[in-house]
Amino acid sequence: MTNLESRKFDYEIKTAIKMKYRIYLLGICLFLSVSLQANDFIWYDGLHPISYSTPEKVEPVVQTAIEIFCNDMLLVTGKTPILSLPYKEKNSIIRIAQLDESNSNELKQLGLPIDSLAIKKEAFIIKTIKNQIFVVGSDARGTAYGILELSRLAGVSPWIWWGDVAPEKKATLTLPTNFYTFQYPSVEFRGLFLNDEESLNSWSSRTFEPDAKTLYPIEKRFKGQFGPKTYAKMFELLLRLRANTIWPAMHEATMPFYFVEGNREIAEKYGIIVGTSHCEPLMRNSATEWNLTGKGAYNYLTNKDEILKYWSARLKELGNSENIFTIGMRGKHDGEMEGVHTTEEYKKALTQVIPDQIKLLEQYINPDVEKIPQQFVPYKEVLDVFDENLQVPDYIMLTWCDDNYGYLTRLSDTEQQKRSGGAGVYYHLSYWGRPHSYVWLTTTQPGLIYYEMKNAWKQNARRLWMVNVHDPKKAAYDLELFLDMAWNVELPVSSHLSDWLKREFGAVAGEKLLPVMREFYRLTAIRKPEFMGWNQIEVDDRKKYPKGRTPVTDTEFSFTEFGNEADRYISDYEKIKSTVLEVEKIIPSNRKDAYFAIVKYPVFGAAAVTTKCLEAQRARGNGSKTAKNKSMAAYNETSNLTDYYNNKMAGGKWKYSMSNQSQYMYVFGEPNFESDIKDRQKQKESEAEYIAKNACDFTHSSTQTEVVDMLGHSMNAVPLPKGETLTYEFETNQEGEAVLRTAVIPTQPNDKGDIRFSVQIDNEQPQTISFREEGRTETWKQNVLRGQAVKTTNHTIEKGKHTLKIAALDDHIVIDQWMLDFDKDRKFYVFPVKLND
């Protein structure tokens, strides 16, 4: 055989093998198709691209959603979906329809509940009918959400880009033959406020989008800007999370939203409504814009004409864009209005400001001013002014706030709930301010978010939910929980975290991670890592503390009581770290980066800061070299973790976005081992008797009690309605004087009243306790830093069996734990009770 004949023979053999292989693959696909046909509708068969059809007119947000969906399907199937020609829409796999752009009679004839859909804003239906999937939206955003719901059904996480959660490749995509879902939002305006954004600003300006074009040169005052490329990714995330509103970044370090070329246009492309925060009236970011474009003082009492011109200029620019306008006025940044000195003066000034602003809206936006979305935000000192009977037009929404630490301060009363403008909530998952900032990790307990926002819903705060985050990537789970509740307030929070972890990391890993993340939320509820320095910022005594920050000091954790609670706290972190490392082994390579950012960095980071502070405390007490070494090792670990996050994770995609020296807070600095006091850890553990219980361990409840999962140090805190009681039975072997410490979640009254409960042991007279705190008292500061308000009462106890009754005398009472202690002077931090997980 010649060389030519040999090569020809080899070619024929190889061709035959290839043909057999192709036939084999085709056979497998046909087999899968036949086996699935009985119970499932196949919308991707492994061979052909997904086809879809659209209405003749496609609005920008719908087109954007289609583009996102097509990119998703390319990653999942390896094939880009194909748009069917209009006359072939009945042959397409997916038929996209929008009520105001489609033939509703045809849709009705197909059995779709069009009348029910039409009365809902931003709603969608997905239904399999014969051999097609119908995606029908009540309007443009509803249609977009429906399209992106198909991405979810195909296994694409909303965090595909921000979380580096790469989707799995799929050989086929199926839905049940009779698949049907009808979804619509619980809250009208849902979104995030990008605030305290310095780390994200650094990443955007230096890594992701350094070439964004601005109206003004980047001066020293501006560390950077967020441009349309960054906001496009942020808005895509909002669409995937079924949100619709942004309050853009507004700090002095960031170039204002409207001063960056393309930002407004990209919001319109993604169908995002732009609003502003409590201190930014009429779409103006006065923290920076006034200094660039205003004339004179930002003082309405002395410079009214210039301020009206300044507001008018922005309103003229907005045209037909979708906005929510903040009404009222504060200082240029997060401070009181300039030129006023008393609450009465403030009220008088706002009584002028609000009507003037409404006239501008009538002139430049819509003569029918009641149709313009507007909000008044009674935040901080403005709440005091509002309480003095400030008149705010009925059609303007009242946006209530938390105390910056997750506890809602006020909600609409019975009369306010009748307002045509409705009510909303501005809620914090991060904060920069006193008593201490938390803009590193996001550790707000899921149970607190659930309880407070469900309570807001019950009191008709249903028009707007906005959440404060410093970086959506670092707030991932809490942010999604908040927005998922805004979409469906009835979601089962008990399974939400489990489902989320399984979606992000697979069923096996998710199941193993659930106890890890639950324990993480318990440990960080006991003390956020940012608060482990036991110090404060923005203190008033600038003579003693020129930088406004008190130094890091010893914690309140005891190295002796209850079997050494400090070491137990460190040990609890080490246990979940061990599990994180074990689970890491089974995480697919394409999700390793997601795992590091979502799980490993926060768990190991929180553990490292905690260990650093507690071991430094031990070393200051007894001079232990081992403790010093452990403290320094923990300090170095935060640096190493952060270096990996910034420089190695996702190939450097997130460079400059993470800082373990957040805001240059002292708690993140090198440990201090110097102390004038020695041998503090040599004291003996008290031998006095104590009885401690979690609130959920009651013997009897006078009402049907809801235990809130993942809330409080107990992880099972108990809301107690006004007038209801919890009863506990216990037995003591000691008698004499004892102190009862009752720990409640440090909620606010939500009205102008008090927030009280009573305790009663046996037949003694009930003792009434109030934990209402006016303003930023020292007690309030300690409560929010601890995540508990601990109130003490004194009692005389005999040996034997006893009954404790805790009664709610006001609304919004949530009981967490209690302990009866025969040693009144015992020093400890964590209640020594077992969890009920």
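The values are calculated or read from the model by the stated rules, or taken from the named source; none is laboratory data. Please read all numbers here as calculations on a predicted model, not as lab measurements. Using ideal geometry, Cβ is built from the backbone for each residue, glycine included, and neighbour counts are taken over all protein chains shown. With ligands, DNA and RNA removed, areas are computed over all heavy atoms of the protein, side chains included. Shrake-Rupley method; radii C 1.70, N 1.55, O 1.52, S 1.80 Å.
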Inset, instruction - Using the Karplus curve 6.51 cos²θ - 1.76 cosθ + 1.60 with θ = phi - 60°, work out ³J(HN,Hα) for each residue of region 292-304 in order, rounded to whole Hz, and write x for Gly and Pro. - result: 8, 10, x, 10, x, 7, 7, 10, 5, 6, 10, 9, 4
Legend entry - Net charge over other residues, Cβ less than 12 angstrom from the Cβ of residue 415 (K, R count +1; D, E count -1): -1
Legend entry - region 189-238: mean projected area of Cα convex hull, nm²: 4.1 nm²
Inset, instruction - Just grab the label-to-label distance for residue 824 and residue 302, each label 7 Å out from Cα along the Cβ direction, in nm (one decimal). - result: 5.6 nm
Inset, instruction - With unit charges on the beta carbon (Lys/Arg positive, Asp/Glu negative), name the residue among 475, 277, 343 whose Cα is farthest towards the positive pole of the charge dipole of the chain. - result: 475
Inset, instruction - Could you list which residues have their amide H under 5 Å from that of residue 409, counting only those 5 or more apart in sequence or on another chain, with H placed in the peptide plane? - result: 401, 402, 403
Inset, instruction - With 22 Å as the limit, write out which pairs from 512/577; 90/269; 528/655 have Cα-Cα distances beyond it, or answer none. - result: 90/269; 528/655
Legend entry - Qualifying trypsin sites (Lys or Arg not before Pro) for region 65-103 [loop in DSSP, other Cβ within 10 Å: at most 16]: 79
Inset, instruction - Give me the distance between the Cα centres of region 76-152 and region 479-521, rounded to whole Å. - result: 29 Å
Inset, instruction - Would you mind getting me the FRET efficiency between residue 538 and residue 490? Use the beta-carbon distance for r and R0 = 45 Å, nearest 0.05. - result: 0.70
Inset, instruction - Report the net charge of residues surrounding residue 487, where surrounding means a beta-carbon distance below 13 angstrom and charges are Lys +1, Arg +1, Asp -1, Glu -1. - result: +2
Legend entry - 3J(HN,Hα) from dihedral phi, region 778-787, Karplus parametrisation 6.51/-1.76/1.60, rounded to Hz, x for glycine, proline: 5, 5, 4, 4, 5, 5, 6, 5, 8, x
Inset, instruction - Report, in whole Å, the centroid distance computed from the Cα atoms of region 619-653 and region 173-193. - result: 43 Å
Legend entry - Backbone HN-Hα couplings from phi across region 476-482 [Karplus 6.51/-1.76/1.60, Hz, Gly and Pro as x]: 2, 5, 4, 5, 5, 4, 4
Legend entry - More than 20 angstrom apart: percent of Cα pairs within region 508-608: 51 percent
Legend entry - Length released on extending from residue 309 to residue 211, taking residue separation times 0.36 nm less the Cα-Cα span: 32.1 nm
Inset, instruction - Put one equal scatterer on each alpha carbon of region 372-413, apply the Debye formula with no solvent term, and list log10 I(q)/I(0) at q = 0.24, 0.27, 0.34 1/Å to two decimals. - result: -0.87, -1.04, -1.31
Legend entry - Within region 79-150, GluC sites (Glu not before Pro) in DSSP loop having at most 10 other beta-carbon neighbours inside 10 Å: none
Inset, instruction - Hand me the chymotrypsin sites (Phe, Trp or Tyr not before Pro) from region 289-318 located in a DSSP loop with no more than 10 other Cβ atoms within 10 Å, in residue order please. - result: none
Legend entry - Relative contact order for region 136-265, counting Cα pairs under 8 Å that sit 6 or more residues apart, in percent: 28 percent
Legend entry - Mean shadow area of the chain over all directions, Cα convex hull, nm²: 44.7 nm²
Legend entry - Whichever lysines have a C-alpha closer than 20 Å to that of residue 722, once near sequence neighbours (fewer than 8 apart) are set aside: 454, 458, 752, 791, 805
Legend entry - Reciprocal mean inverse distance between Cα atoms of region 765-837 - Kirkwood radius, Å: 15.0 Å
Legend entry - Förster radius 35 Å - calculated FRET efficiency between residue 578 and residue 799 (Cβ-Cβ, nearest 0.05): 0.20
Inset, instruction - Express the relative contact order of the chain as a whole percentage, based on alpha carbon pairs under 8 Å and six or more residues apart in sequence. - result: 9 percent
Inset, instruction - For residue 653, go through the aspartates and glutamates and keep the ones whose alpha-carbon is under 12 Å away, minus same-chain ones fewer than eight residues off. - result: 164, 209, 593
Inset, instruction - Just grab the label-to-label distance for residue 171 and residue 688, each label 7 Å out from Cα along the Cβ direction, in nm (one decimal). - result: 6.9 nm
Legend entry - Over region 280-329, volume per residue of the alpha carbon convex hull, in Å³: 73 Å³
Inset, instruction - State the Kirkwood hydrodynamic radius of region 292-374 in Å, one decimal place, computed from all pairs of distinct Cα atoms. - result: 13.7 Å
Legend entry - Set of aspartates and glutamates near residue 684 by C-alpha distance (under 18 Å), chain-local residues within fewer than 8 positions excluded: 556, 561, 565, 567, 821, 823, 825
Inset, instruction - Provide, in order from the shortest bin, the percent of all Cα-Cα pairs of region 465-511 in each 5 Å bin, continuing until the bin that contains the maximum pair distance. - result: 5, 20, 25, 23, 19, 6, 1
Legend entry - Helix axis angle, 507-526 relative to the chain longest principal axis, alpha carbon, degrees: 30 degrees
Inset, instruction - Decide, for region 695-837, between rounded, prolate and oblate: order the square roots of the alpha carbon gyration tensor eigenvalues as a ≥ b ≥ c, take rounded if a/c falls under 1.5, and otherwise choose prolate if a/b is larger than b/c, else oblate. - result: rounded
Inset, instruction - Between beta-carbons, use under 15 Å as the cut-off and find the net charge around residue 45, counting Lys and Arg +1, Asp and Glu -1. - result: +2
Inset, instruction - Return the inverse of the average 1/r over all pairs of distinct C-alpha atoms in region 691-756, which is the Kirkwood hydrodynamic radius, in Å to one decimal. - result: 13.9 Å
Inset, instruction - Kindly flag which residue pairs out of 648/834; 543/628; 380/575; 575/693 have an alpha-carbon separation exceeding 29 Å in this structure. - result: 648/834; 543/628; 380/575
Legend entry - Mean accessible surface per residue for the chain, computed with a 1.4 Å probe while every protein chain stays in place, in Å²: 42 Å²
Legend entry - Where labels lie 7 Å past Cα in the beta-carbon direction, separation of residue 384 and residue 104 in nm: 5.2 nm
Inset, instruction - Only Cα pairs under 8 Å and at least 6 apart count here; give the relative contact order of region 457-542 as a rounded whole percent. - result: 14 percent
Inset, instruction - For residue 755, enumerate residues with amide H under 5 Å from its amide H, sequence gap 5+ or separate chain, H modeled in the peptide plane. - result: 771, 772
Legend entry - Three-way shape label, region 224-270, alpha-carbon gyration tensor, a/c 1.5: prolate
Inset, instruction - Working from Cα positions, state the angle (0 to 90°, nearest 10) between the long axis of helix 60-77 and the longest principal axis of the chain. - result: 80 degrees
Inset, instruction - Rounded to the nearest Å, what's the spacing between the alpha carbon centres of region 356-410 and region 701-774? Just the number, please. - result: 35 Å
Inset, instruction - May I ask you to derive the FRET efficiency for residue 702 and residue 752 from their Cβ-Cβ distance with R0 = 30 Å, giving the value to the nearest 0.05? - result: 0.65
